[in-house]
Amino acid sequence: MATCRRCHSAGLPKLFRNLKITPKATQTLLRSDVDKLLGVLGSAQSLAHVRSVTICGSMPEATFHPSSQTHQTFINTANTSNLPRIPTQQDYYAGLEYYWDAVAKLFQTLPYPTDVIWDSVDAFPACLLNVIHRHTSHCRIHIRKLKFRSLRLEVTHERDLALVSSPHLHSICVTWSGRYSSGDDDHHYEAAVRVLQGLAPNLKEVRMMYRRPPASPALFRAMVTPRQPWKGFTGVGDEDARQGALESLALLGETRATPRILEEWANYTDFELLRHLTLMIQVSGGALRWASSNLSLPNLKELRISLDRDDVQEKRPGFADDAIAFFDSLPPLTTLDLSGALEQKILQHVLRQHGATLKNLTITPYESKYSTTKRNLPLVLTNEDFDVLQSSCPNVMKLKLPVKRRKGNASEVAIYQALGRMKSLTDIYLTLDCSAPWVTQSNEGSDGPANVGFDGRTSILGNVKPHHIRDSMINCATDALLAEAIWRTISEGKTGYPVHTLTIKSRGGTDFGSAMVDTALSDYIDHLSRSYKVSRAVRDDDNTFSIVEEDRVRREERDDRVRLIEIARDESGHMDGSTMAIYRKTFEAIWPKKEGSRDWRDDWQSFPLCPA
């Protein structure tokens, strides 16, 4: 009993370290939940254990709508008409303070909070900001969805200024577009830059997400006129602006990183202080070349980058050399997320250059469909690449990358065996790549000779033949048996630390290099393509493991919907003589119908891996 009490006491700090609060239908329900939480924390004597509080979601509209009874009890609004009134900004802020007041009072009772994570579309409540300023000295504010609500007004709202100038503001995430769908200018980009340039004195992390605005006639009309310059925050001059001191910078979205963009950001913040850099914005060879010559990143530890050939108009023969020069200019990395236009020359050089210090590695090759040299033909990792990975990255603990499915042949199995020789590797995420983009771009066939009934004489979609469909179905067929087989292949030859988790997810079964996708084929491929997570038991002396299908409920709901469509289709006779009949025939040639099965979904299982 004494041991149980000691274990309970030891676990309390971790149990209550991170709290999460979600909005309720009314302020009364939210206050009730907060009161219950305080009761639990008080009875467990754990108020001092709380370090971070995450608030997500948003308050219900009824809280700030003028016609709501809840709103009327908080502010006295004169009704001069029985007609419904559109909520004003004053209504919104009044409802905001009323609704989130309970959370502000919760913070008054926490002696040692270090982080408040505001993951809500609501504005940050002034009542909560005031509590943080008065009652905490080291609590950092993280805004996951920062939205300036007064950028287009003549005077910046004091709430916006109070938040972005707070010494507690540590990180912000800003979504910007340059222009709204309405055609109005969006100045969130410029405002965020001004915040990091000294307005928020302790801001360390900035995440900028570009989002293309929905097309509209108003937007098209506005595009012919230049954007107006931003007027700035009211009462904040540029004379106090200074270079930022960020430790983490992330630029994301469907836009391009040019030398000019990188140069601008090098002026906005001191790149020598950066420890984490994310450039998921199509980094061209020219930008890489400029960065390798002009940027100094001596403290960089984590890099996430998306490479882009930028060869839509002309070929870029020096792209690989530009990429290699950029990675040579970096200090040893511990985390690398490398995606986009990759070549074997680039990948192997990066692994040899940074592999010794890497602990987390993600590789995601893809190519633009507009590329003149590699259109829709991303790099396929070979056995040689996996050998270089295994020999160059002895300290990688978490690994995420694609494995080309080859119907479980010896070449595919050798890749799983290579992963087992990585001594530090404990967590693996494998995307089982079942795509065949070369089918519509070359004369290449399937992985093996065409079988009887798959002579290739019948075209389905362009160059796609029945034997291509057959190979795709076999490769996509992912079940618990395949997950276990891959787990055992990796684990049986594992050196060093045992594997803790393995996640496999098959994808790309309808990708034959063309934009055309037959929905009837997707019905089969979507059912066969699944995701499984294999987890080892927690105890070191227990080698058992569990296998769980991820998103099973969603997959079964989709199967039920498609099954009803198929029944109606079969009864109407629409399948006869169509490509749907070819898909059914192809499937049944691989997996004959079982006695007593409801339909083809009960007839299949994955193909076994080739014996080692």
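The values are calculated or read from the model by the stated rules, or taken from the named source; none is laboratory data. Note that the structure is a prediction, hence the values are computed from the model and not measured. All Cβ positions, even for glycine, are placed from backbone atoms using ideal geometry, and neighbour counts span all protein chains on display.
Before moving on, here are some points about what is shown:
- Thr510 meets the conditions (1) at pLDDT 95 or above; (2) surrounded by 19 or more Cβ atoms within 10 Å (Cβ to Cβ); (3) touching a helix residue (DSSP H, G or I) at 6+ places or on another chain (Cβ under 7 Å) in every case but one. The failed one is (1).
For (1) within 30 Å of Ile415 (Cβ to Cβ); (2) crowded, with 16+ Cβ neighbours inside 10 Å; (3) touching a Gly at 6+ places or on another chain (Cβ under 7 Å); (4) modelled with pLDDT of 95 or more, each residue gets a yes or a no:
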| position | (1), (2), (3), (4) |
| --- | --- |
| Leu521 | yes, yes, no, no |
| Ile525 | yes, yes, yes, yes |
| Val548 | yes, no, no, yes |
| Val562 | no, yes, no, no |
| Ala568 | no, no, no, no |
| Ser572 | no, no, no, no |
| Thr586 | yes, yes, no, no |
| Ser606 | yes, yes, no, yes |
| Pro611 | yes, no, no, no |
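- Pair list, Cβ < 7 Å and 6+ apart or interchain, from the stretch 576-601 residues that are closer than 17 Å to His527 by Cα to residues that are small (Gly, Ala, Ser) and surrounded by 12 or more Cβ atoms within 10 Å (Cβ to Cβ): Met580/Ala520; Tyr583/Ala520
- Of residues in the stretch 418-427 being surrounded by fewer than 23 Cβ atoms within 10 Å (Cβ to Cβ) and not acidic (Asp, Glu), the one nearest to Gly408 (Cα to Cα): Ala418
- Qualifying positions in the stretch 199-218 - over 21 Å from Leu277 (Cβ atoms) and not in a loop (DSSP other than H, G, I, E, B): Leu199, Pro217, Ala218
Residue by residue, here is whether (1) among the polar types (S, T, N, Q); (2) farther than 22 Å from Glu484 by Cβ holds:
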{"residue": "Val538", "(1), (2)": "no, no"}
{"residue": "Val548", "(1), (2)": "no, no"}
{"residue": "Arg552", "(1), (2)": "no, no"}
{"residue": "Leu564", "(1), (2)": "no, yes"}
{"residue": "Arg569", "(1), (2)": "no, yes"}
{"residue": "Ser572", "(1), (2)": "yes, yes"}
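- Hey, Phe220 of a type in the set (A, V, I, L, M, F, W, C) and exposed (fewer than 13 other Cβ atoms within 10 Å of the Cβ) or not: yes
- Conditions (1) within 19 Å of Cys173 (Cβ to Cβ); (2) in contact (Cβ under 8 Å) with a residue 60 or more places away in the chain: number failed by Arg309: (1)
- Filtered residue count, the stretch 289-342, keeping only those that are within 19 Å of Leu377 (Cα to Cα), surrounded by fewer than 20 Cβ atoms within 10 Å (Cβ to Cβ), within 27 Å of the chain's Cα centre (by Cα) and among the charged types (D, E, K, R): 0
- Residues being free of Cβ contacts under 8 Å to residues at least 40 places away in the same chain, of a type outside the set (Phe, Trp, Tyr), in contact with a Leu (Cβ under 6 Å, 6 or more places away or on another chain) and assigned to a strand (DSSP E or B) are represented in the stretch 124-144 by at least one member.
- Restricting the first member to the stretch 218-241 and to residues that are closer than 18 Å to Pro201 by Cα and modelled with pLDDT under 90, and the second to residues that are surrounded by fewer than 10 Cβ atoms within 10 Å (Cβ to Cβ) and of a type in the set (Gly, Ala, Ser), no beta-carbon pair is closer than 8 Å while six or more apart or on different chains.
- Selected residue (criterion: surrounded by the fewest Cβ atoms within 10 Å (Cβ to Cβ)) from residues of the stretch 223-251 that are out of contact with any helix residue (DSSP H, G or I) (no Cβ under 9 Å at 6 or more places or on another chain) and within 16 Å of Cys173 (Cβ to Cβ): Ser248
- In the stretch 479-501, the residues that are closer than 19 Å to Asp542 by Cα and of a type in the set (D, E, K, R) form Cβ pairs under 9 Å with partners that are modelled with pLDDT of 95 or more and part of a helix (DSSP H, G or I), at six or more places apart or across chains, as follows: Glu492/Gln417; Glu492/Gly420; Lys494/Leu419; Lys494/Gly420.
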